Amino acid sequence: MIWEVPDTKDVEKKIQEHDQTVKVIEECVVEYIRRRQQAYRKSTPTVTSKTSKHKTAAIVPNHSLTDHQSVLGTEMQATIMWAKSRMPRLKQEIEDLQCKGITNAPVLPCIFVEFNRYVDASSTFPPGLRRYDAVKDQIIWENLRFTGSQRTFHNIWVGIWIAIITLLYAVPVTMAAAFTSTDLWAELRPTLTILVRVPAWFRGAVAGLFPAALTSILMAVARTPIRWTIRQSGIPTLSSLELCIHKVFFGFLLIQILLVTGVSIAAPPLISQVIRRPEVADIVICSIINRIAYSCIAPLVVGAAALGLYLFFIIYRYNILYIMKATIDTRGKSFLLALQHVTIGCYLLIMYLISVFAIGLLNDRSAVGPMIVTVVLLVTVVIYHCYLSMMIRPFAGGIPRPAEKKGAPRFRTPASELWTPRIWFPHDFTGTIKTELEQLSGFMIAIDSAAWLDDHGKIVISFPEAAAIVNPCGRPLSARVIS
């Protein structure tokens, strides 16, 4: 079975206009309810949110919301009237485009193919032209419009932009690493002698804690532009996009943390010592690399790392159990990718050791033996890495089992499916918006239950009552303030 994907760009524009109009109505109605209840509480101070949310007395006449100009104001009243008059027209245009326009719409340069057997799916198309992880909820529909040449151009553009981001981030990372050499900067620049006059404990905190904290913040902020940039490359599924982000961000961290930070920390003292005594340059370089190479087996470093990893494990487990919600299913490929990333650390450690022994060969030939052993270790790690990749390739590239239930609809863009808009208001105990709900129910689902405004004007949701509206299968939760 083969399904072509129609281009629903016109329908998506109309749906976007419709969603913006719904948002305008929701914001205006919520603001009206907030103002009305604040005015009522001022006139009757004994009423609180817990008792008033069930009060249905005739506090104000049950007219349309647009009649209360004194509360809304002329501008907001005109906005609500404009949005209400626009909603039925947009809904009718969307339905007409879905019923008539999609049939004659141009076709995107991609197809969905359903096979009866996994063997047929595995042997039909070249590996570069197929995707096994095409689950409907994980498809990036706007990226299906890219042709082969457009995708190639976007990949080149994304690569250039990632390189620019890497170069730009090297500047603040270098400045953060410069705080570790406060004594050296005070020695080179007499105007910075104030750095030496501060207490030693404060200088140590600035040199040790501040660079690490600032670098962590910079790395956390960098993930957002990298994610947005990679999304423009035309990757068709969210799982493939997430794996690509992991690869690129790992390389980005490797460059910024290892190369830029390492060079920024080691270069100032190295340059100052080499300028003073050029004849001992090889010894100075060897001592700096030596500290980096053997830092992984230093007792204090191992103990601190073990404690930090244990705390990280506790926090991460709590987040997985109670906070995080997995919306992107990579089918275990992220674990396989992380498993291969572990070998990168082994490569770096071995390369540092080889550098130490290579510099030692300049003065002492006895370093030949350790260097040969280290080279053999490097070859062993490379062989192990190749064998590991060969063993996990069938699991990473296999065909997944069907993720959708039997009888599910065919692959169609979300814009091509019939839908009924839904708008959710907080409960108005004054009973003023009942007429509005009746008017809106003609072309959408309007709900005003399971939510109310507290005494501070914030929206409170009772999750046990809201579960039947939003997520009938969800676990009941207590009331919670959301905004």
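Exposure proxy shown here: for Phe153, Phe357, the number of other Cβ atoms within 10 Å sets the order, fewest to most, as Phe153, Phe357.
Which ordering of Ser239, Ser216 is given by a fewest-first count of other beta-carbon atoms within 10 Å?
Ranking Ser239, Ser216 by Cβ neighbours within 10 Å, fewest first, gives Ser216, Ser239.
Multiplying the residue separation of Asn116 and Val302 by 0.36 nm and subtracting their alpha-carbon distance yields 61.6 nm. Tell me, what is the FRET efficiency for Leu437 and Cys99 to the nearest 0.05, using R0 = 22 angstrom and their Cβ-Cβ distance as r? That gives a FRET efficiency of 0.20. Once the Cβ-Cβ distance of Phe312 and Ala200 is raised to the sixth power relative to R0 = 30 Å, the FRET efficiency obtained is 0.50.
Quick note: the coordinates plus some simple rules give every number you see, no bench work behind them. Every value quoted in this text rests on a predicted model; they were computed, and no experiment measured them. With ideal geometry, Cβ positions are generated from the backbone for all residues, glycine too; neighbour counts draw on all protein chains shown.
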